[in-house]
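**Student:** What follows is a single structure, and I will ask about it in a moment.
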Amino acid sequence: MKLIAAYIEYDSARKEDLIGRAEGFQNNGADEIVLVCNEADEGARELFFETARAVSRAIDIPFLVSVPVSRFEDIKKAFYTGARGVILRKADLAGNTLAKEASDRFGQTSIYVKDGDYCVNGKEEGLIIKDRAADAAEAAAELKKNAVGEYAAVLDDTDVMAFKSEIAAMGADVNTFVSRISFDELKTGENGLIPCIVQDYRGGEVLMMAYMDREAFDRTVKTGIMTYHSRSRNELWVKGATSGHYQYLRELTCDCDKDTLLAKVVQIGAACHTGSRSCFFNEMIRHEYSAKEISKVLSSLYDVVSDRKIHPKEGSYTNYLFDKGIDKILKKCGEEATEMVISAKNPNAEELKYEIADLLYHMTVLMVECGVDWQDVAVELANR
């Protein structure tokens, strides 16, 4: 399957909207982003790397970085933005071993060499860098005849999902939404409607519940934008068409009886007409409990440690570590890592769990001190 990648050229004068453009491409169906920097100045490249790191936190689709390089350090910095791969210009590799060094360190599939319109990695997998000015028929033909890689297009304000559908109709194998279960297989009410529960795709928060009919279902699958049937107005309702609070589909499933849908979405702004993030805010019954889901625990721990750094509390061990500085924090991380290793030699796992928790706490202090958060780590792990 060929992937459609949005090709974004970095402009230092417009760096503030680079994240918004990347998010827009992602939400509108791009499979990948190619961030291109042509800045020769080292200071300008550093600003680009900083912006690219911000992009990696904002999007969930893979991205590549194309940047001028003159030393291996430049390539390392490009990867440390969170990029899944780096595109090197052929002219930058003449007379040196940078391509080999980079392939040895980051893997052959992660290093692309650009020669004209083609970027090929060590495994002969590649991308075709073409301008979006090429019409859909030309794009489809290029994809069909070329055996390798993705087609990277400068899509700008193009409707990516529509572009995909257009070239798919011409025979190109591209990633469009196709439901494995047809609407006919779903159990609707007498009015032809099926309820759809809507959930935030990252945090799992339940946002709202609405209804779909066949037209709304088909429109959602075709565009990737959540569309419902408004019972009060008896008409098709594209969520966000009026408010701008669109919902972009990430995953759609149905329950065991096939009479209820669950949509996981990217929510822009508020889901509720009241302006609330979620429609479910009228608490009725609550039994106090401690959340023990690992991502929530680590996120909460990070927030507490960050708050201690900003608002010191007398007698706080965390503030003691911050006051002593990076060397003390590193010393404690080293000690806790050693204690974890020693405890792992014991047959009882209870001590190991305790030492791992200690290490994670001190690692969190280190991360806050160095300006790294768990999302940064998650992005890096996901890229491996």
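**Student:** Taking the Cα centre of the chain as origin and charging only Cβ (+1 Lys, Arg; -1 Asp, Glu), how large is the dipole, in debye to the nearest 20?
**Tutor:** Dipole magnitude for the chain comes out near 200 debye.
**Student:** A follow-up question, please. Return the percentage of antiparallel bridges among DSSP beta bridges fully within the stretch 178-312, rounded to the nearest 5 %.
**Tutor:** Around 80 percent of the beta bridges assigned by DSSP in the stretch 178-312 are antiparallel ones.
**Student:** Mind listing the phi-derived Karplus ³J(HN,Hα) values for the stretch 33-39, rounded to whole Hz, using 6.51, -1.76 and 1.60 with θ = phi - 60°, and x for any glycine or proline?
**Tutor:** Values, residue by residue: 10, 10, 8, 10, 10, 10, 6 Hz.
**Student:** On to the next question. Heavy atoms only, 1.4 Å probe, whole protein assembly: order 250, 105, 84 by accessible area, highest first.
**Tutor:** 105, 250, 84
**Student:** Given a 10 angstrom Cα cut-off, can you work out which residue in 127, 352, 98 is the most mobile in a GNM of the chain?
**Tutor:** 352
**Student:** Now, a different point. Just to confirm, what accessible area per residue do you get for the chain at 1.4 Å probe, in whole Å²?
**Tutor:** That works out to 55 Å² for each residue.
**Student:** Take the solvent-accessible surface of the protein heavy atoms, probe 1.4 Å, and return the percent of it on the chain that carbon and sulfur atoms account for.
**Tutor:** 52
**Student:** Rounded, prolate or oblate: pick one for the stretch 208-259, where a ≥ b ≥ c are the square roots of the eigenvalues of its C-alpha gyration tensor, a/c under 1.5 means rounded, and failing that, prolate if a/b is larger than b/c, else oblate.
**Tutor:** Cα axes put the stretch 208-259 in the oblate bin.
**Student:** Compute the length gained on full extension between residue 272 and residue 115: take 0.36 nm times their separation in residues and subtract their Cα-Cα distance, giving the result in nm to one decimal.
**Tutor:** Value of the extension gain: 51.6 nm.
**Student:** Which order do the peptides 251-258, 264-271 come out in when sorted by mean C-beta neighbours inside 10 angstrom, highest first?
**Tutor:** Final packing ranking: 264-271, 251-258.
**Student:** Amide H neighbours of residue 151 under 5 Å, counting only residues 5+ apart in sequence or on other chains, H built in-plane at 1.01 Å?
**Tutor:** 3, 5, 128
The values are calculated or read from the model by the stated rules, or taken from the named source; none is laboratory data. Please read these numbers as outputs of a predicted model, since none were measured by experiment. Cβ sites come from the backbone with ideal geometry, for glycine too, and all protein chains shown count toward neighbours. Accessible surface is based on the protein model in full, side chains and every heavy atom, while ligands, DNA and RNA are left aside. Shrake-Rupley method; radii C 1.70, N 1.55, O 1.52, S 1.80 Å.
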